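Heads up, the thing below is written out as structure tokens.
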Amino acid sequence: MQSSPISSHHTNMAASLQISGIRKAFGKGNKAVEVLQRIDIDVQPGEFLILVGPSGCGKSTLLNIIAGLEEPTEGQVRIAGKDVVGVPPSQRDIAMVFQSYALYPHMTVYENLAFGLRRSIPTSRVSQETGRDRISAATRAAPRNSASTARTLPTWAEALLVSATRPLPKGWRYLSEQEQAIAQRVQTVAQMLQIETLLDRLPKQLSGGQKQRVALGRAMARNPQVFLMDEPLSNLDAKLRNETRAQIVSLQRKLGTTTIYVTHDQTEAMTMGDRIAVLNAGQIQQIATPLELYNRPANRFVAEFIGSPPMNFLPVQVQSPLVVSHPKFRMTLPAHWEPALRRYSGRTLTLGIRPEHINISLPAPKNIPVQIKRVEALGAETYLTVGITSDDASPLLQARIEPDRNVSLGDDLWLSLMPDKIHLFDPTTEEAIAEF
């Protein structure tokens, strides 16, 4: 049985990607705006890396620099060890999936998938992939599309294998070996994405989810060294976004292609990537696995950006290496904090705690008296927004509680913080204070 044109090549196509000292400034002189500042990222072959950050942080600009759509002001981009700065996008062996799909409206799905392959499949690989010497493929001759010179071909499933010396039925024509290889590749990708029944449709006949799968398929069909994806799911509704997200992860694992995925949605980042690079104001804040970002954020920005709802923050004073206090509570930290906090004695720090690490408790000096300001019952869980005092100007906290807990607006409660889930940050630098 002949191997799939996709699977027979993907293992060799995954490439490393090194981004070294990348700077990007728009404008000149005093009016120059620096959008990227000394970006360094080392992506391993086959890795799925997420670039995440708020709007305007520079993540799409960095993706465009990797793709060759923008030139960096300074720095290097190496794909498989080769510096590609200055190399045209078409020669970088990458494929990009855009938020807007960017499909050719006058071409069928088949033609959209095949378009890039007609230039990217080397002649030396064609006969190897078709594996046919005396048996050729024929297809029904299709009329030219009046809107363009593109020729619409039927799917590979409609092609006929015939002897090269056998006369063709009326209305059929032979496919070149290159077209046979392209048709096989398109059909394989279409089956993986479950769009094989859509190959003869135009983009205007597709739903948003189907268009997105075609855009993904066009990138996959080329078997590039690197996939670049720029917020490809932002135009989809919530249910379809969740389905497509899982599909992208599954396909990337199957193909093993190095992938850079840009998003501002931290839920996508946490559920899709092998590692996440968090950007803010043109700088890398932290690069780590999803759980490491969640459990050990490098600074206050990462702590607040990763997690939904975001982390709560309160000012506390270090009374001793293990005791911190707030006007409304006083708590003792686990013993492993002592070495780190010894030099902060008497100083004010920022305490961070996630909503899921706060519990409803009993009155005690270590617990916080609060009043409920808002209740969000989601079914599986309930989120409370509470004020530390009854004053409307008091600091607000968010807490996640069990869904069957009966609470109402205006109720007074006592909340306890899980001591082993506490985070502490220097209020001046906003850097995290290491526990050990």
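Could you grab me the full set of residues in the range 23-40 that are among the acidic types (Asp, Glu) and more than 15 Å from residue 280 (Cβ to Cβ)? If you could, list the steps in order and put the result at the bottom.
Going residue by residue through the range 23-40, those that are among the acidic types (Asp, Glu) are 34, 40.
Selection gives 40 alone.
Could you check residue 332 against (1) touching a Leu at 6+ places or on another chain (Cβ under 8 Å); (2) in contact (Cβ under 8 Å) with a residue 40 or more places away in the chain; (3) under 30 Å from residue 289 (Cβ atoms) and say which number it fails?
Tallying (1) touching a Leu at 6+ places or on another chain (Cβ under 8 Å); (2) in contact (Cβ under 8 Å) with a residue 40 or more places away in the chain; (3) under 30 Å from residue 289 (Cβ atoms), residue 332 fails exactly one: (3).
Kindly check whether there is at least one residue in the range 339-353 that is small (Gly, Ala, Ser), buried (at least 16 other Cβ atoms within 10 Å of the Cβ), in a loop (DSSP other than H, G, I, E, B) and not assigned by TED's automatic domain parsing to the domain that holds residue 57.
No.
Go through the residues of the range 203-226 one by one and say whether even a single one is surrounded by 17 or more Cβ atoms within 10 Å (Cβ to Cβ), closer than 15 Å to residue 274 by Cβ, at pLDDT 85 or above and not acidic (Asp, Glu).
yes
For a quick check of your reading of the model, give me the residue pairs whose first member lies in the range 175-191 and is not assigned by TED's automatic domain parsing to the domain that holds residue 247, whose second is among the hydroxyl-bearing types (Ser, Thr, Tyr) and modelled with pLDDT of 80 or more, with beta-carbon atoms closer than 7 Å and at least 6 apart or on different chains.
The qualifying pairs are 186/110.
Is it the case that some residue within the range 151-165 is at pLDDT below 80, more than 29 Å from residue 251 (Cβ to Cβ) and not in a strand (DSSP E or B)? Walk me through it before giving the result.
If we filter the range 151-165 for residues that are at pLDDT below 80, which is where we start, we get 151-165.
Cutting the leftovers down to more than 29 Å from residue 251 (Cβ to Cβ) gives us 160, 162-165.
Right, trim to not in a strand (DSSP E or B) and you get 164-165.
Checked against the condition, which is being at pLDDT below 80, more than 29 Å from residue 251 (Cβ to Cβ) and not in a strand (DSSP E or B), the range 151-165 yields at least one hit.
Looking at 313, 329, which one is over 23 Å from residue 302 (Cβ atoms) and aromatic (Phe, Trp, Tyr)?
Numbers: 313 fails: over 23 Å from residue 302 (Cβ atoms).
Unique residue meeting the criteria: 329.
Does residue 189 qualify as being at pLDDT 85 or above, over 29 Å from residue 353 (Cα atoms) and either surrounded by fewer than 20 Cβ atoms within 10 Å (Cβ to Cβ) or of a type in the set (Val, Ile, Thr) (or both)? Outline the logic, then answer.
Working: at pLDDT 85 or above: yes; over 29 Å from residue 353 (Cα atoms): yes; either surrounded by fewer than 20 Cβ atoms within 10 Å (Cβ to Cβ) or of a type in the set (Val, Ile, Thr) (or both): yes.
So residue 189 passes the test.
Answer yes or no: is there a residue in the range 256-265 that is under 28 Å from residue 38 (Cα atoms), surrounded by 15 or more Cβ atoms within 10 Å (Cβ to Cβ), of a type in the set (D, E, K, R) and modelled with pLDDT under 95. Break it down stepwise before answering.
The initial filter retains those residues of the range 256-265 that are under 28 Å from residue 38 (Cα atoms), namely 257-265.
Right, trim to surrounded by 15 or more Cβ atoms within 10 Å (Cβ to Cβ) and you get 257-265.
Adding the requirement that they be of a type in the set (D, E, K, R) leaves 265.
Then keep just the ones that are modelled with pLDDT under 95; that gives 265.
Within the range 256-265, one or more residues are under 28 Å from residue 38 (Cα atoms), surrounded by 15 or more Cβ atoms within 10 Å (Cβ to Cβ), of a type in the set (D, E, K, R) and modelled with pLDDT under 95.
Can you tell me how many residues in the range 392-436 are part of a loop (DSSP other than H, G, I, E, B) and closer than 14 Å to residue 358 by Cβ? Talk me through it step by step, then tell me what you get.
Let us first name the residues in the range 392-436 that are part of a loop (DSSP other than H, G, I, E, B), namely 392-395, 402-411, 418, 422, 426-430, 433-436.
Subsequent filtering for residues that are closer than 14 Å to residue 358 by Cβ retains 395, 402, 405, 407, 418, 422.
Of the residues in the range 392-436, 6 are part of a loop (DSSP other than H, G, I, E, B) and closer than 14 Å to residue 358 by Cβ.
Checking the condition more than 24 Å from the chain's Cα centre (by Cα) and over 23 Å from residue 265 (Cβ atoms), which residue from 46, 21, 29 passes?
Numbers: 46 fails: more than 24 Å from the chain's Cα centre (by Cα); 21 fails: more than 24 Å from the chain's Cα centre (by Cα).
Just a single option satisfies the conditions, and that option is 29.
Out of all the residues in the range 238-291, which are of a type in the set (Lys, Arg) and within 19 Å of residue 96 (Cα to Cα)?
We begin by selecting, within the range 238-291, every residue of a type in the set (Lys, Arg); these are 239, 241, 245, 253-254, 275.
Passing the criteria: 241, 245, 253, 254.
Based on this model, can you work out whether residue 381 counts as acidic (Asp, Glu), under 30 Å from residue 43 (Cβ atoms) and either in contact (Cβ under 8 Å) with a residue 12 or more places away in the chain or not assigned by TED's automatic domain parsing to the domain that holds residue 410 (or both)?
Numbers: acidic (Asp, Glu): yes; under 30 Å from residue 43 (Cβ atoms): no; either in contact (Cβ under 8 Å) with a residue 12 or more places away in the chain or not assigned by TED's automatic domain parsing to the domain that holds residue 410 (or both): yes.
It is false that residue 381 is acidic (Asp, Glu), under 30 Å from residue 43 (Cβ atoms) and either in contact (Cβ under 8 Å) with a residue 12 or more places away in the chain or not assigned by TED's automatic domain parsing to the domain that holds residue 410 (or both).
Considering only residues of the range 391-401 that are touching a strand residue (DSSP E or B) at 6+ places or on another chain (Cβ under 6 Å) and touching a residue at least 40 places away in the same chain (Cβ under 8 Å), which is surrounded by the most Cβ atoms within 10 Å (Cβ to Cβ)? Even if it seems obvious, please write down each step before you answer.
Let us first name the residues in the range 391-401 that are touching a strand residue (DSSP E or B) at 6+ places or on another chain (Cβ under 6 Å), namely 394, 396-401.
Subsequent filtering for residues that are touching a residue at least 40 places away in the same chain (Cβ under 8 Å) retains 397-401.
Working: 397: 21, 398: 19, 399: 25, 400: 18, 401: 19.
Filtering the range 391-401 for residues that are touching a strand residue (DSSP E or B) at 6+ places or on another chain (Cβ under 6 Å) and touching a residue at least 40 places away in the same chain (Cβ under 8 Å), the one surrounded by the most Cβ atoms within 10 Å (Cβ to Cβ) comes out as 399.
Taking only the range 1-33 into account, find how many residues are surrounded by fewer than 15 Cβ atoms within 10 Å (Cβ to Cβ) and at pLDDT below 95.
Within the range 1-33, residues that are surrounded by fewer than 15 Cβ atoms within 10 Å (Cβ to Cβ) and at pLDDT below 95 number 15.
Which fully enclosed helices (runs of 4 or more DSSP H) of the range 48-121 have 1 or more residues being crowded, with 21+ Cβ neighbours inside 10 Å and out of contact with any helix residue (DSSP H, G or I) (no Cβ under 8 Å at 6 or more places or on another chain)?
Details: elements: 59-67, 109-115, 117-120.
In the range 48-121, 59-67, 109-115 are the helices (runs of 4 or more DSSP H) which contain 1 or more residues that are crowded, with 21+ Cβ neighbours inside 10 Å and out of contact with any helix residue (DSSP H, G or I) (no Cβ under 8 Å at 6 or more places or on another chain).
Just checking, does the range 296-304 include any residue being more than 30 Å from residue 188 (Cβ to Cβ) and part of a strand (DSSP E or B)?
Going residue by residue through the range 296-304, those that are more than 30 Å from residue 188 (Cβ to Cβ) are 296-304.
Pick out the ones that are also part of a strand (DSSP E or B) and you get 299.
Yes, the conditions are met somewhere in the range 296-304.
Could you grab me the full set of residues in the range 213-240 that are within 25 Å of residue 77 (Cβ to Cβ), in a helix (DSSP H, G or I) and among the basic types (Lys, Arg)?
If the condition is that a residue be within 25 Å of residue 77 (Cβ to Cβ), in a helix (DSSP H, G or I) and among the basic types (Lys, Arg), then 218 is the only one that fits.
Residue-by-condition table, conditions (1) over 15 Å from residue 312 (Cβ atoms); (2) crowded, with 18+ Cβ neighbours inside 10 Å; (3) more than 36 Å from the chain's Cα centre (by Cα):
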{"position": "362", "(1), (2), (3)": "yes, no, yes"}
{"position": "366", "(1), (2), (3)": "yes, no, yes"}
{"position": "379", "(1), (2), (3)": "yes, no, no"}
{"position": "386", "(1), (2), (3)": "no, yes, no"}
{"position": "389", "(1), (2), (3)": "yes, no, yes"}
{"position": "403", "(1), (2), (3)": "yes, no, no"}
{"position": "409", "(1), (2), (3)": "yes, no, yes"}
{"position": "417", "(1), (2), (3)": "no, yes, no"}
{"position": "428", "(1), (2), (3)": "yes, no, no"}
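Matching residues to (1) at positive phi; (2) in contact with an Asp or Glu (Cβ under 9 Å, 6 or more places away or on another chain); (3) at pLDDT below 95; (4) loosely packed, with under 15 Cβ neighbours inside 10 Å:
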{"residue": "298", "(1), (2), (3), (4)": "no, yes, no, no"}
{"residue": "313", "(1), (2), (3), (4)": "no, yes, no, no"}
{"residue": "326", "(1), (2), (3), (4)": "no, no, yes, no"}
{"residue": "331", "(1), (2), (3), (4)": "no, no, yes, no"}
{"residue": "336", "(1), (2), (3), (4)": "no, yes, yes, yes"}
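The values are calculated or read from the model by the stated rules, or taken from the named source; none is laboratory data. All values derive from a computational prediction rather than experimental measurement. Cβ sites come from the backbone with ideal geometry, for glycine too, and all protein chains shown count toward neighbours.
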